[in-house]
Amino acid sequence: MELIDRYLHAVKFWLPRKQRQDIIAELSEDLRSQIEDKEAELGHKLNEFEVAALLKQRGRPVLVANRFLPQESLIGPTLFPIFLFVLKIVAAFYMVPWILVWTGIAIVRATHSGQSLMATIGLFWTSFWPVSLFWVGGVTIVFAILERVQTKSRFLEEWDPRKLPPVRNPNRIARSSSIVEVAANMVFCIWWVGGMWYQTLFHFAGVSITLAPVWRNFFWGFLFVSIVNIALATANLFHPYWTRLRAGVRLASDCAGSVLFCWLLKSNFLVGITAADVEASKTLAITNAINWWDTKMVPAAIVICIVIAAIDVYRIVRLKRTTSTSMPQVSASAILG
């Protein structure tokens, strides 16, 4: 029953990762057994409103999950899981980016100003702790107030199971994203073939751009990757679920595109730029600057490519887990005949 699945999915969100499957299996069996007993008592199948009433009697998902969690006393057993969730959001979207930005600033400042790196890091830590304590303390105070209000009003107990979000299949592909991917890659192919055809000299409004001969390899490489992406997105459009084959093709395509892009930045593919009424020394300086910045961007490009590949690998691992957990269980008597 969909309402039961949505309820179990909501409870699962608040459970410890290592115990989720066992707890959900136990809770699912208990709920379905309770529904069967109720149906036997009433003599008919329970409708949606009756199931919702039964789930409401069981309790809000966060409260049910809390019964399986170790008892905490910092905020209170009812709101403590939500309190930890909010702290994780603050850390992920504020603290971690702030640390990364300050680390980059410290390295750049130490490199260009001659200031000691340790002195810069010490200055950062001096300002980091007050801000951290401010955010953690503020969240703690807010939840301490909510705990007192909840104890008196019991607002967490007033809820409707029918308003729970539907269970989302992580392997489903939105058709809108496939349509956008097909359109974007087709536009790229048309522009790529029409404007960047297999050549090394280009003229635009009186400006001539000369590329190294290695550019021809990049032309065919990026064109091939784009065509593969069009084919993959088209398959996803008609069959909007990831499979191992298509996930593997996406990983190979992204890796090929990443290698080509990093190689392009590293290759100094721009030979020269010439323009009417512009001194050759100035166009040479522009050419050198573009090649220099391309080379400096390689480390950042490698990091981005690694993140993309990690996402693709995670998709494949998730597919394997989903397949292994959804395989039908075969009894020993069936195996032995």
- Item | Unmet requirement for ARG315, which otherwise passes all of (1) touching a Phe, Trp or Tyr at 6+ places or on another chain (Cβ under 7 Å); (2) modelled with pLDDT of 85 or more; (3) closer than 22 Å to GLY221 by Cα | (3)
- Message: Of everything in segment 260-296, what is touching a residue at least 24 places away in the same chain (Cβ under 8 Å) and part of a helix (DSSP H, G or I)? Give them in sequence order.
- Response: LEU260, PHE261, CYS262, TRP263, LEU264, LEU265, LYS266, ASP294, THR295
- Task: May I ask you to list the residues in segment 9-38 that are open to solvent by less than 30 Å² (accessible area, probe 1.4 Å) and either farther than 18 Å from ARG162 by Cβ or outside any helix (DSSP H, G or I) (or both)?
- Result: LEU15, ILE23, ILE24, LEU27, SER28
- If you go through segment 185-204 one residue at a time, how many are surrounded by 14 or more Cβ atoms within 10 Å (Cβ to Cβ) and more than 22 Å from ASN217 (Cβ to Cβ)? 1
- Which one is farthest from TYR314 (Cα to Cα) among residues in segment 153-164 that are in contact (Cβ under 8 Å) with a residue 40 or more places away in the chain and loosely packed, with under 15 Cβ neighbours inside 10 Å? GLU157
- Message: Suppose we filter segment 253-305 for residues that are open to solvent by 90 Å² or more (accessible area, probe 1.4 Å) and aromatic (Phe, Trp, Tyr); how many remain?
- Response: 3
- Message: Criterion first (at pLDDT 80 or above and part of a helix (DSSP H, G or I)) does VAL187 satisfy it?
- Response: yes
- Query: Of all residues in segment 64-82, which are out of contact with any helix residue (DSSP H, G or I) (no Cβ under 7 Å at 6 or more places or on another chain) and either surrounded by fewer than 19 Cβ atoms within 10 Å (Cβ to Cβ) or modelled with pLDDT under 80 (or both)?
  - Reply: ARG67, PRO70, GLN71, SER73
- Query: Within segment 305-323, is there a residue that is within 22 Å of the chain's Cα centre (by Cα), of a type in the set (Phe, Trp, Tyr) and part of a helix (DSSP H, G or I)?
  - Reply: yes
- Any chance ARG162 is of a type in the set (Lys, Arg), out of contact with any strand residue (DSSP E or B) (no Cβ under 7 Å at 6 or more places or on another chain) and modelled with pLDDT of 80 or more: yes
- Message: Just to be sure before I move on: is ASN217 assigned to a helix (DSSP H, G or I) and farther than 21 Å from PRO170 by Cβ in the structure I sent?
- Response: yes
- Query: Within segment 272-289, can one find any residue that is among the acidic types (Asp, Glu) and modelled with pLDDT of 90 or more?
  - Reply: no
- Query: Being part of a helix (DSSP H, G or I), more than 26 Å from LYS266 (Cα to Cα), modelled with pLDDT of 90 or more and of a type in the set (Ser, Thr, Tyr), is that true of even one residue in segment 224-244?
  - Reply: yes
- Condition test on LEU46, is it outside any helix (DSSP H, G or I) and touching a residue at least 24 places away in the same chain (Cβ under 8 Å)? no
- Message: It is to be established whether one or more residues within segment 50-61 are surrounded by fewer than 11 Cβ atoms within 10 Å (Cβ to Cβ) and either at pLDDT below 85 or in contact with a helix residue (DSSP H, G or I) (Cβ under 9 Å, 6 or more places away or on another chain) (or both).
- Response: no
- Query: Only one residue in VAL182, VAL167 is open to solvent by 70 Å² or more (accessible area, probe 1.4 Å), of a type outside the set (Asp, Glu) and more than 30 Å from ALA276 (Cβ to Cβ). Which one?
  - Reply: VAL167
- Does SER253 satisfy being modelled with pLDDT of 85 or more, in contact with a helix residue (DSSP H, G or I) (Cβ under 7 Å, 6 or more places away or on another chain) and of a type in the set (S, T, N, Q)? yes
- Looking at ILE141, ILE89, ILE145, which is the one that is loosely packed, with under 13 Cβ neighbours inside 10 Å, at pLDDT 70 or above and under 25 Å from the mean Cα position of the chain (by Cα)? ILE89
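The values are calculated or read from the model by the stated rules, or taken from the named source; none is laboratory data. Nothing here was measured: the structure is a model prediction, and the numbers come from that model. Positions of Cβ are generated from backbone atoms using ideal geometry, with glycine treated the same way; all protein chains shown enter the neighbour counts. Please note that ligands, DNA and RNA were not included when accessible areas were found on the heavy atoms of the full protein model with its side chains. Shrake-Rupley method; radii C 1.70, N 1.55, O 1.52, S 1.80 Å.
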